[in-house]
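J.: Below is the structure I would like to discuss, written out as structure tokens.
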Amino acid sequence: MLTSKYNQDRAEKLVQRLTEQPQSSQAGVMANDLLAEFQLGYPLENLRPLLHSENPDVADVGAWIASELGTWGEQLLPDVLPLLRHPAKNVRFSVIDCILLWATDGAELSAAIKLTEDSESSVRWKAMDFLSLATRDQLQLALSYLDEVEPNSTHVRGLRWLLSWDASDANAVKAALQNENALLRKYAVVAASRMAKADREPLSYAASVKDPDVQNFAKSSIRLLKD
Amino acid sequence: MVVEKGKENEQIKILYMVPSRDQSGKFHSPKGESLPDHVPDEWTRDDLEHARDELRESIKRRNEVAAQKGEEAKHRDRIRREEQLLRQVEKKLSGS
């Protein structure tokens with residue numbers, strides 16, 4: 001049986017200080033110290049005031065801590081889902097990992113996938129990262145949902161292709177990287193990343209494609225593969 | 001897993017979990033534990049090697065996230081903590 005090892009007084013003071021001074025020079029250390037308190041059993045409901053704060057810097061701290069909790073933070077899913085539309089890009093970025101670990105239905109998963117079209121390049125990268133790490137079951141759930149509510153969406157085409165045999169065929173992936181549709185090119189580089197442990201060639205090819213998002217994602221995937 | 005002798009010399013198996021990366025590629029402690037600030041005494045050589053490999057991959061991914069997202073003090077501090085644990089694990093593996 002797990003026993004609570006957190007320090008209530010310390011945790012409360014950290015919440016207060018981070019709420020009052022989210023950009024202080026010690027905020028990085030304090031956020032990690034507060035994360036440790038949550039990991040030691042400080043009730044997760046105490047993260048909600050940060051997640052729902054109107055101060056974007058405070059919400060950013062809350063979203064980052066949520067993204068570091070791992071699978072056992074899933075009770076916060078209803079709190080983080082609306083943050084996929086938060087005006088602060090770093091909040092949207094952080095909660096994508098929460099969706100990856102906690103989401104259980106197609107609507108939730110497809111909300112993260114749609115951030116491949118976000119206005120911020122960092123968030124688009126993170127959404128592509130989400131697609132590259134999602135299980136086939138998660139991709140299938142998102143496809144089933146979108147096929148029902150938005151059958152004409154390009155995401156339906158992209159997800160269906162990503163789940164097809166073509167998405168693990170090097171030549172088919174390289175051809176898809178030349179697609180005229182920018183969103184479908186993103187699905188192609190995700191496919192190249194997903195198959196890279198077996199065959200890196202499509203990813204190397206993607207790194208030379210003249211599409212900044214595709215090229216950046218391919219290069220970052222190559223860096224992550226290196227020892 | 002640790003195996004200890006009980007009062008009657010019976011074997012008592014004490015289960016523990018070595019932190020690992022999750023689906024997002026980040027190193028996490030099991031529920032109820034924070035990131036260790038020192039190498040737990042019960043970790044075996046296999047545990048140390050597992051933790052070393054997981055930490056290396058986690059740190060690599062976190063550095064890539066920092067490159068894409070932009071530098072953040074909280075993320076940088078997390079990397080610092082994982083690097084510190086990795087150094088301790090590597091030191092223990094080297095026998096020094």
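J.: Over all residues in B:60-72, what is the mean tally of Cβ atoms on other chains that come within 10 Å of each residue's Cβ? Mind showing how you got there, number by number?
T.: Details: counts 5, 4, 0, 2, 7, 9, 0, 5, 11, 9, 4, 1, 9.
Across B:60-72, the average partner-chain Cβ count within 10 Å equals 5.
J.: For segment B:44-81, which GluC sites (Glu not before Pro) pass both filters: DSSP loop (anything but H, G, I, E, B) and at most 16 other C-beta atoms within 10 Å?
T.: Details: sites: B:Glu49, B:Glu54, B:Glu57, B:Glu64, B:Glu71, B:Glu72; in loops: B:Glu71, B:Glu72.
Of the GluC sites (Glu not before Pro), the ones in loops of segment B:44-81 whose Cβ has at most 16 other Cβ atoms within 10 Å are B:Glu71.
J.: Kyte-Doolittle mean at least 0.0 and Cα extent at least 15 Å along the axis: which DSSP H helices of chain A qualify? Before the final figure, lay out each step's value.
T.: Numbers: long enough: A:8-20 (18 Å, -1.35); A:27-39 (18 Å, 0.58); A:56-67 (16 Å, 0.63); A:89-102 (20 Å, 0.94); A:121-133 (18 Å, 0.24); A:136-149 (20 Å, -0.21); A:182-194 (18 Å, 0.63); A:212-225 (20 Å, -0.09).
Helices passing the filter in chain A: A:27-39, A:56-67, A:89-102, A:121-133, A:182-194.
J.: Go through A:Lys174/A:Lys226; A:Lys5/B:Lys69; A:Lys89/A:Lys210; A:Lys13/B:Lys60; A:Lys174/B:Lys74; A:Lys197/B:Lys91 and tell me which ones have a Cα-Cα distance over 27 Å in this structure. Don't jump to the answer; show the numbers that get you there.
T.: Values: A:Lys174/A:Lys226 21 Å; A:Lys5/B:Lys69 33 Å; A:Lys89/A:Lys210 25 Å; A:Lys13/B:Lys60 32 Å; A:Lys174/B:Lys74 38 Å; A:Lys197/B:Lys91 30 Å.
Going by Cα-Cα distance, A:Lys5/B:Lys69; A:Lys13/B:Lys60; A:Lys174/B:Lys74; A:Lys197/B:Lys91 fall outside the 27 Å limit.
J.: Using only the Cα atoms of segment A:32-115, what semi-axes does the equivalent ellipsoid have when each is the square root of 5 times a gyration tensor eigenvalue? Give whole Å, largest first.
T.: On the way: eigenvalues 74, 46, 19 Å².
Its equivalent ellipsoid spans semi-axes of 19, 15, 10 Å.
J.: How much net charge surrounds A:Ala176 when only other residues with a Cβ under 9 Å from its Cβ are counted (Lys, Arg +1; Asp, Glu -1)?
T.: Working: positive: A:Lys174, A:Arg185; negative: A:Asp166.
Within the 9 Å Cβ shell, the charges total +1.
J.: Another question, then. At 20 °C and 1.002 mPa s, grab the translational diffusion coefficient of the protein assembly as shown from Stokes-Einstein with a Kirkwood Rh over Cα pairs, rounded to a whole number in µm² per second.
T.: Values: Rh = 21.0 Å.
Using the Kirkwood radius from Cα pairs, D works out to 102 µm²/s.
J.: Still on this structure: Report the calculated FRET efficiency for A:Lys226 and A:Gln75 (r = Cβ-Cβ distance, R0 = 35 Å), to the nearest 0.05. Before the final figure, lay out each step's value.
T.: Working: r = 37 Å, r/R0 = 1.05.
That gives a FRET efficiency of 0.40.
J.: Still on this structure, I have one more. Hey, rough spin-label estimate for A:Gln16 and A:Arg136, points 7 angstrom out along Cα→Cβ, what's it come to in nanometres?
T.: For the pair A:Gln16/A:Arg136, the computed spacing is 5.4 nm.
J.: Percent relative contact order of segment A:112-227, based on C-alpha pairs within less than 8 angstrom and at least six residues apart?
T.: Numbers: 139 pairs, mean separation 24.0, N = 116.
Value for segment A:112-227: 21 percent.
J.: Looking at segment A:112-227, I'd like the Rg to Rh ratio, where Rg is from alpha-carbon atoms and Rh is Kirkwood's inverse mean 1/r. Walk me through the numbers before you get to the answer.
T.: Numbers: Rg = 13.0 Å, Rh = 13.9 Å.
Expressed as Rg/Rh, it is 0.94.
J.: Taking the Cβ of each residue in A:Ser94, A:Ser208, A:Ser110 as the centre, tally the other Cβ atoms inside 10 Å and list the residues starting with the fewest. Write down the numbers at each step before the final one.
T.: Values: A:Ser94 29, A:Ser208 11, A:Ser110 24.
Going from sparsest to densest Cβ surroundings: A:Ser208, A:Ser110, A:Ser94.
None of the figures in this text is laboratory data; all of them are computed from the coordinates on show. Keep in mind it's a predicted model, so treat the numbers as computed, not measured. Positions of Cβ are generated from backbone atoms using ideal geometry, with glycine treated the same way; all protein chains shown enter the neighbour counts.
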